[in-house]
Amino acid sequence: MSVSAAGRGAMSVSAAGRGAMAPLLLLSAASGLLLAAVAAIPPPEEAARMARYVLHSCDWGALATLSAQEGLRGRPFANIFSLSDGPPGPCGGSGVPYLYLTDMEISVQDLEVNSNASLTVSLAQTPYCRKHRYDPQNPLCAHIIFVGSIVKVNDSEADIAKKALFSRHPEMESWPKDHNWFFAKFNITNIWVLDYFGGLKIVTPEEYYSVKP
């Protein structure tokens with residue numbers, strides 16, 4: 001069966017149309033994903049959910065201890081640590097900040113004297129604030145301040161901590177074994193949320209852990 005020139009032309013235009021549509025479809029899909037990501041950020045009135053969201057979105061945080069080092073004893077000392085509350089993904093994580101530590105680390109030496117600490121995590125480390133051109137100090141670039149203490153996890157929780165941390169920080173598995181690494185968690189007693197104008201919001205640990213991320 002032969003196809004007329006007009007028919008061939010129509011088929012050609014149709015194919016060209018499909019070709020032109022492909023980038024539009026991809027753009028539409030990308031826009032949908034972006035809108036979904038933005039929509040996933042909790043509204044300012046849901047401070048407990050925001051705290052869970054920000055922690056789960058972050059791979060590291062600033063841990064502040066009271067220094068036990070000579071010449072700095074008793075002074076605040078902030079340091080960066082990798083952390084995870086669970087494998088990445090939309091499930092929301094456990095809300096528990098897990099860490100992989102060694103006694104050789106200077107902040108851990110502080111914690112051996114005084115286990116009290118604060119932990120700050122911020123959306124500034126994610127694409128969200130960059131996309132909206134929010135400065136890290138802008139309240140709309142949400143950050144959470146946890147206060148509590150660092151404790152070693154027990155054997156029953158070690159597998160949970162390992163899965164949470166190694167899924168986000170795979171190089172941890174190859175860190176020197178002679179450093180005697182151990183799994184720990186931040187035991188939260190107080191939570192402050194700064195995600196909007198008007199000052200800090202206080203969230204209780206009970207509210208934090210009971211909310212659905």
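The values are calculated or read from the model by the stated rules, or taken from the named source; none is laboratory data. Since the model is a prediction, treat every value here as computed from it, not as a measurement. Ideal geometry is used to build each Cβ from the backbone, glycine not excepted, and the neighbour counts take in all protein chains shown. Remember, those area values only see protein heavy atoms, side chains included, never the ligands or the DNA or RNA. Shrake-Rupley method; radii C 1.70, N 1.55, O 1.52, S 1.80 Å.
A few remarks follow.
- Per atom type, the stretch 47-210 shows carbon and sulfur on 55% of its accessible surface, probed at 1.4 Å.
- About the Cα centre, charge dipole magnitude for the stretch 47-210 (Lys/Arg +1, Asp/Glu -1 at Cβ), debye: 580 debye
- Whole-number D in µm² s⁻¹ for the stretch 47-210, Kirkwood Cα-pair radius fed into Stokes-Einstein, 4 °C, 1.567 mPa s: 79 µm²/s
- Ranked by how many other beta carbons lie within 10 Å on average, peptides 141-149, 105-113 from highest: 141-149, 105-113
- At q = 0.12, 0.16, 0.23 Å⁻¹, base-10 log of I(q)/I(0) for the stretch 69-161 (Debye sum, equal scatterers on each alpha carbon): -0.50, -0.84, -1.27
- Computed Kirkwood radius, in angstrom, where 1/r is averaged over Cα pairs of the stretch 132-210: 15.3 Å
- The stretch 55-88 versus the stretch 136-213: alpha-carbon centroid distance in Å: 10 Å
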